[in-house]
Amino acid sequence: MLAKLHVKSLVAASGLALAACIGSTANAADPFTLTSATFKDGTLMPKKVANKNPQNPNCVGDNVSPELSWKGVPDGTKSFAFTMVDPEGRGGLGVFHWVAYGIPASVTSFGEGEVSKESDKYVGGKSTQGVGYFSGPCTPPGSPHHCT
């Protein structure tokens with residue numbers, strides 16, 4: 001169950017890895033930070049973030065994507081790309097829960113639930129679940145999984 005999903009770093013606190021496509025200059029007044037109001041670094045993700053599928057007893061959430069905010073964007077950033085990966089999913093083969101790119105540099109946040117569907121704010125890549133938007137985890141009982 002996603003409620004057992006433990007996050008171990010600030011990037012993982014968002015449940016996502018963030019990459020900035022930058023030009024030749026990469027300066028920012030403040031350090032780059034990525035945060036979420038949905039959950040905090042080092043804590044379990046709330047149940048609502050888990051996927052919802054009556055055929056799977058581990059999919060007991062509401063598939064609500066977490067809120068994400070970032071600041072300290074390096075000068076020259078042209079766009080962002082996100083992935084949400086559970087490296088322990090599928091017996092250690094990994095599961096991609098969200099792949100997105102082409103996020104304009106002017107976008108600095110996604111509201112809770114905003115990327116649980118297609119959006120004109122990003123181009124959706126194909127996740128392990130075969131969709132181009134957030135598809136929450138269905139973590140089985142046992143040790144917590146980690147997102148990167």
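The values are calculated or read from the model by the stated rules, or taken from the named source; none is laboratory data. Computed from a predicted structure; not experimentally measured. For neighbour counting, all protein chains shown are included, and Cβ atoms are generated from backbone atoms with ideal geometry for every residue, glycine included. In case anyone asks, the SASA skips ligands and DNA or RNA and just uses the protein heavy atoms, side chains included. Shrake-Rupley method; radii C 1.70, N 1.55, O 1.52, S 1.80 Å.
Ranked highest first by the average count of other Cβ atoms within 10 Å around their residues, in what order do 77-86, 38-47 fall?
In descending order of packing, they fall as 77-86, 38-47.
Tell me, what is the per residue accessible area of the stretch 42-95 in Å², probe radius 1.4 Å?
For the stretch 42-95, the per-residue accessible area is 49 Å².
For the stretch 62-148, give the percent of accessible area contributed by carbon and sulfur heavy atoms, probe 1.4 Å, rounded to a whole number.
54
Roughly how many Å² of GLU88 are accessible to a 1.4 Å probe, to the nearest 10?
Its accessible surface works out to 70 Å², give or take rounding.
Pull up all non-local amide H partners of VAL85: gap of 5 or more, or a different chain, and H-to-H distance under 5 Å with H placed in the peptide plane.
Amide H neighbours of VAL85, under 5 Å, 5+ apart: ALA17, HIS97, THR148.
For GLU118, GLU112, write out the residues from largest to smallest accessible area, computed with a 1.4 angstrom probe and no ligands counted.
These residues rank, largest area first, as GLU118, GLU112.
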